[in-house]
Amino acid sequence: MARSDVFSLLLLLLLAAAAADAGTVKSFKEEKRNVGDQIWSLSLDASTSKSSDMAALHENLDVLHYSSDSVTIFVRKTRLSITKEFLEGRHLAYNVVEKDVALHLQSLQAAEDAVAISRAAESCKEGQCPRPYKQDYMTFEQMEWFLRDLESQYPDNVKLSTEGKSREGRNIYLVRVFQSSASAARSSGSVSSRGQPRPAVFIDGGIHAREWIAPATVLNMLMKQTENCAANTDCDYEYYFMPMMNPDGYEYTWTNDRFWRKNRSPPPLKNDCFGTDLNRNWNPQWGNIGSSSNTCKEIYRGTTPFSEPETTSAKNVMTRIANNPELDLLVYLSYHSFGQLVLYPWGYTSDLAPTKADLEKGGNVYNNALKGVHNVPYVVQQAAELYPASGASDDFAYSLPIKYVYTVELRNTRSFLLPRNEIALTFEENYAGYMALLKHATSQSN
Ligand code: 0X9
Ligand code: ZN
């Protein structure tokens, strides 16, 4: 072949490769997560819905959702045959709802992309991330940029601190939002100026990695609260937000497994599995019902109470605030999804909490205000009525003690994969609930 022919051939090959590449860019982005994982639906008869049987299902399966007659479970590719055997051993019929979760994710993404919402309006870069997204989910890195930018934009009202590192070395952030000292000095009738402790609230989000709407909602609440304090309206509390409690798990849901729940603690022994359930790692009542000592279970509780840096960081901050004589830590809110529920303690037992009436009243105040926004029904109930689970953050908070304690399961009632056009709606209704609860809490304590 002549030299010029070789050159033309190379050029042709290069052009063809470029065209193929352009084709891949235009065509749908291949989904690398959850290839071969499945979603199954089990039919329950009356005898299986007994609570002891339900506890066994929770322990052995990754239960996404259940009603009185059916349960939806997520089954990893590596666990398909073992799960089949488990169900057959219990004579439980099932059918496959999604036979490849990767394809399911891909088609949901395509459907969402077809809806005309402008993602472009919400791009953010380091040093230029002035607001949390309302139309889309953010990566952990984007959330970090937002928090840093918020602090530099509102230095009189926001203090960002790092309260520890996750297992993989990511920052566990705390954001304190407060009235500026100038406006505090002006408002001579404020609670603090009467020498009484200032009311305080602690809010966390993202304890469970796959519940993306939780950090998204908490970041939007934090933004709104900051704007209020900067405008010197509705800023009677000291506000503490820990919006991204499980950064490693969250990152992993973006890169490897959209259905990852736990943190990313390495396996203690060779045949063990990754991850501790950060909502089974707290005291008191650590290690009891609704948690597991098996590292491979979704509800693995860790080796000891607070064995995980993520729960230790939150516990230390909450204890510090509770012990600060200048503050009165009145409210704890922990955001999760899904189910549309406002859950109050106890969660480890169906015994009634000593202040059940107050908890229920506060939950109803939250729920009534929430419902007034988009008329979406949430249910207020004792956490253990959903299913008993010990070692969760809410029972720790209630024992501190904090008077008004809630785990809020956000939208919707079917899936963790909440469409992004519901982010703003979920935030709006829950912000109304939060505002009403905070007002109620101070009106009761004065
Ligand atoms: O099981 C949990 O940790 C929470 N539900 S979730 O689907 N987000 O995982 C509910 C926790 C409720 N509180 C207690 N049971 N203490
Ligand atoms: Zn959760």
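The values are calculated or read from the model by the stated rules, or taken from the named source; none is laboratory data. Fair warning: this is a prediction, and the values are worked out from it, not measured in the lab. Note: ideal-geometry Cβ built from the backbone for every residue, glycine included; neighbour counts use all protein chains shown. When the accessible area is computed, the model is the full protein with side chains, heavy atoms only, and any ligands, DNA or RNA have been set aside. Shrake-Rupley method; radii C 1.70, N 1.55, O 1.52, S 1.80 Å.
Descriptive notes on the structure:
- Condition check for Ser152: more than 16 Å from ligand 2 (Cβ to nearest atom), assigned to a strand (DSSP E or B) and either touching an Asp or Glu at 6+ places or on another chain (Cβ under 7 Å) or not aliphatic (A, V, I, L, M) (or both): no
- Condition met for Pro309 (in contact (Cβ under 8 Å) with a residue 12 or more places away in the chain, under 28 Å from Leu222 (Cα atoms) and out of contact with any helix residue (DSSP H, G or I) (no Cβ under 6 Å at 6 or more places or on another chain)): yes
- Positions within the range 164-188 being among the hydrophobic types (A, V, I, L, M, F, W, C) and within 19 Å of Tyr240 (Cβ to Cβ), in sequence order: Ile172, Leu174, Val175, Val177, Phe178, Ala184
- Residue in the range 409-422 that is more than 26 Å from Ser41 (Cβ to Cβ), at pLDDT 95 or above and of a type in the set (A, V, I, L, M) present: no
- All of (1) in contact (Cβ under 8 Å) with a residue 24 or more places away in the chain; (2) in a helix (DSSP H, G or I) hold for Thr303 with one exception: (2).
- Close pairs from the range 378-403: first assigned by TED's automatic domain parsing to the domain that holds Asp358, partner of a type in the set (Gly, Ala, Ser) and open to solvent by 50 Å² or more (accessible area, probe 1.4 Å), Cβ under 6 Å, at least 6 apart: Ala384/Ser350
- Checking each residue in the range 214-234 for being more than 16 Å from ligand 1 (Cβ to nearest atom) and touching a residue at least 60 places away in the same chain (Cβ under 8 Å) picks out Leu219, Asn220, Met221, Leu222, Met223, Lys224, Thr226, Cys229, Ala230, Asp234.
Yes or no, residue by residue, for (1) of a type in the set (Ser, Thr, Tyr); (2) at pLDDT 80 or above:
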| site | (1), (2) |
| --- | --- |
| Asp5 | no, no |
| Glu31 | no, yes |
| Val35 | no, yes |
| Ser43 | yes, yes |
| Thr48 | yes, no |
| Asn60 | no, yes |
| Ile82 | no, yes |
| Glu88 | no, yes |
| Ala102 | no, yes |
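- Criterion applied to Val373, Val342 was being touching a residue at least 24 places away in the same chain (Cβ under 8 Å), within 15 Å of ligand 1 (Cβ to nearest atom) and at negative phi, and the one residue passing it is Val342.
- All of Ser350, Ser293, Ser307 fail the test of being under 19 Å from Glu409 (Cβ atoms), away from ligand 2 (no atom under 16 Å from the Cβ), surrounded by fewer than 18 Cβ atoms within 10 Å (Cβ to Cβ) and hydroxyl-bearing (Ser, Thr, Tyr), apart from Ser350.
- Residue among Tyr300, Tyr252 that alone is open to solvent by 40 Å² or more (accessible area, probe 1.4 Å) and not charged (D, E, K, R): Tyr252
- Enumeration of residues in the range 118-158 that are of a type in the set (D, E, K, R) and surrounded by 14 or more Cβ atoms within 10 Å (Cβ to Cβ): Glu122, Arg131, Lys134, Asp136, Glu141, Glu144, Arg148, Asp149, Glu151
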